[in-house]
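K.L.:
Just dropping this structure here.
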Amino acid sequence: MNDKAVTEVMGGILILLVMVLTISVLFMYGIPVIEETQTSIRMRNMITQMVSLHEQMVRVSVDVIPNAIFRIPTSDGSLEIKENHFQLYVNNSTMTLYSINDTMNKIEYVYGERAIAIENGGVWRRDDRSSNTIMVERPRIHVSGDAVTISFTKIIGTGSAGGRGFSDVEINLNSSETRVFNTSGYVVITVDSDYDAAWMRYFESLNANVTGNTANITFNRLVISKYVLDVEVL
């Protein structure tokens, strides 16, 4: 074999090695980036879908529409009604005027370690299984001076869906009630939830006194509305 032939063979081997190394680098670094981009796009779409579902639930709860059926993509994740716990106490200087200690439930979409939930009138996001939670749509809790308005939603129902395709979420108003307190006092709210850190940041933005997963808000006038929705994931 002459020198020219040897050079051609070596050149071919070097080109093959470069191709193998390039493909290996793409698999090692490129595919995780592509997967992360796909996951981010999927979750952004699901945030939009869950906010739209939340808006339908609000419209049913305030009787703008009698009921609703909302079609939502599951996008290889899972959609399920799950339990969560909520406590609320309305106190004046001497006694408890009103209290709620109940399982309120939530509608949660989970894909891998990421999740989005409609919970107690707000929409919340978790980027991983740590405490990294973010408020997407604020709950209907407002403070204007010493006047406080609280609207929250209890979900009654069962059901789950997953995989590819779509799921229908049926929403009906079960009941509603409103209580008005024209007196000075304070309301204590405890949220037992995977999203409680985001809840407490929202309460802090309302100048509430926050300790752990409990917020304390003072008032001279308080309006509390409770909406109970029958929800089924089909």
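K.L.:
Which one, F166, M135, T153, is farthest towards the positive end of the dipole of the range 125-167 when Lys and Arg carry +1 and Asp and Glu -1 on their Cβ?
P.N.:
Toward the positive end, the furthest listed residue is F166.
K.L.:
On the first, second and third principal axes, largest extent first, how far apart are the outermost C-alpha atoms of the range 149-198 in Å?
P.N.:
That gives 52, 29, 15 Å along the principal axes, largest extent first.
K.L.:
Now, a different point. What spacing in nm lies between the two simple spin-label points modelled at D128 and E177, each 7 Å away from Cα in the Cβ direction?
P.N.:
4.4
K.L.:
Here's something else I'd like to know. Write down the radius of gyration of the range 38-233 and its Dmax, each obtained from C-alpha positions, in Å.
P.N.:
16.9, 56
K.L.:
Calculate, in nm to one decimal, what I156 and D102 gain on full extension: separation in residues at 0.36 nm each, minus their alpha carbon distance.
P.N.:
That works out to 18.3 nm of additional length.
K.L.:
Kindly rank 88-97, 68-77 from highest to lowest mean number of other beta carbons found within 10 Å of each residue. Could the numbers behind the result be given before it?
P.N.:
Numbers: 88-97: 13.4, 68-77: 16.8.
Highest mean packing first, the order is 68-77, 88-97.
K.L.:
Among Y227, Y186, what is the fewest-to-most ranking by other Cβ atoms within 10 Å?
P.N.:
Starting with the residue having the fewest Cβ neighbours, the order is Y186, Y227.
K.L.:
Same structure again: Between L206 and S52, take the C-beta separation as r, use R0 = 30 Å, and let me know the FRET efficiency to the nearest 0.05.
P.N.:
The formula returns an efficiency of 0.70 here.
K.L.:
Quick check for me: using +1 on Lys/Arg Cβ and -1 on Asp/Glu Cβ, what's the dipole size of the range 91-197 about its Cα centre, in debye to the nearest 20?
P.N.:
My answer is approximately 120 debye.
A short reminder: the numbers here are calculations on the coordinates, not readings from a lab. Everything numeric in this text was worked out from a predicted model, so none of it was measured. Neighbour counts are summed over all protein chains in view; Cβ atoms, including those assigned to glycine, are modelled from backbone coordinates with ideal geometry.
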